[in-house]
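The values are calculated or read from the model by the stated rules, or taken from the named source; none is laboratory data. This structure is a prediction, so every number in the text was calculated from the model and none was measured. Neighbour counts run over all protein chains shown; Cβ positions are idealised from the backbone, glycine included.
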Amino acid sequence: MQLRVATRLTTSPVPCKLYSFNLITMDARTHRILIADDNEANRELLEAYLASMDCEIDYAVDGQETIDKSRSFKPDLILLDIMMPKLSGFEVCEQIKGDPDLKHIMILMVTALGELGDIERAVDAGCNEFLSKPVNRATLRIRVENLLMLKGMADENERLRQYIQQVEDAR
């Protein structure tokens, strides 16, 4: 897969150690990250922080576009701002986690809202992790890597479950 990053960033990223690996087909693939924020400067900063990771990056500028791109781009992880036009990050998270085709997507809410009530509401909406702005590069990278690792394990678990079911059905 081709890395989709803006030309203002490095065009030859350092490979990331995090790949989804299918034990059945022995295929590896890079991860996909959707950055959903209505503020261009915030999107560019998050992209810059992730530039050295071997991943595909796409963007959404409002809540509805985030849901639409979740269906078309099929991200492993969404970096989701809460305060966005059309639908809030809370509403987006609830819709994604309530959709059987999308609920497997990891969601890291990245927002200026940092009150305990906001964090609780994000968790209630179904987010997997919460990060307050201003974002620290190291903290973001660690949380992204951890969520992608969890996503890879969950995907592999599902593939193995399906494989076992096919073997049992064939008996």
Extreme residue, nearest to the chain's Cα centre (by Cα), among residues of the stretch 109-157 that are among the basic types (Lys, Arg) and part of a helix (DSSP H, G or I): LYS151
Residue, nearest to LYS151 (Cα to Cα), within the stretch 97-124, restricted to residues that are surrounded by fewer than 18 Cβ atoms within 10 Å (Cβ to Cβ) and among the small types (Gly, Ala, Ser): GLY98
Only one of ILE78, ILE82 that is modelled with pLDDT of 95 or more and either assigned to a strand (DSSP E or B) or touching a Gly at 6+ places or on another chain (Cβ under 6 Å) (or both): ILE78
The stretch 121-139 - residue that is in contact (Cβ under 8 Å) with a residue 12 or more places away in the chain and out of contact with any strand residue (DSSP E or B) (no Cβ under 9 Å at 6 or more places or on another chain) and, of those, farthest from ILE107 (Cα to Cα): ARG137
Failed item in (1) more than 23 Å from LEU46 (Cα to Cα); (2) of a type in the set (Asp, Glu); (3) in contact with a Gly (Cβ under 9 Å, 6 or more places away or on another chain), with GLU120 passing the rest: (3)
In the stretch 66-93, the residues that are within 21 Å of LYS133 (Cβ to Cβ) and out of contact with any Leu (no Cβ under 9 Å at 6 or more places or on another chain): ASP81, MET84, PRO85, LYS86, LEU87, SER88, PHE90, GLU91
Subset of the stretch 42-73 (residues that are more than 15 Å from the chain's Cα centre (by Cα), more than 20 Å from ALA138 (Cβ to Cβ) and not in a loop (DSSP other than H, G, I, E, B)): GLN64
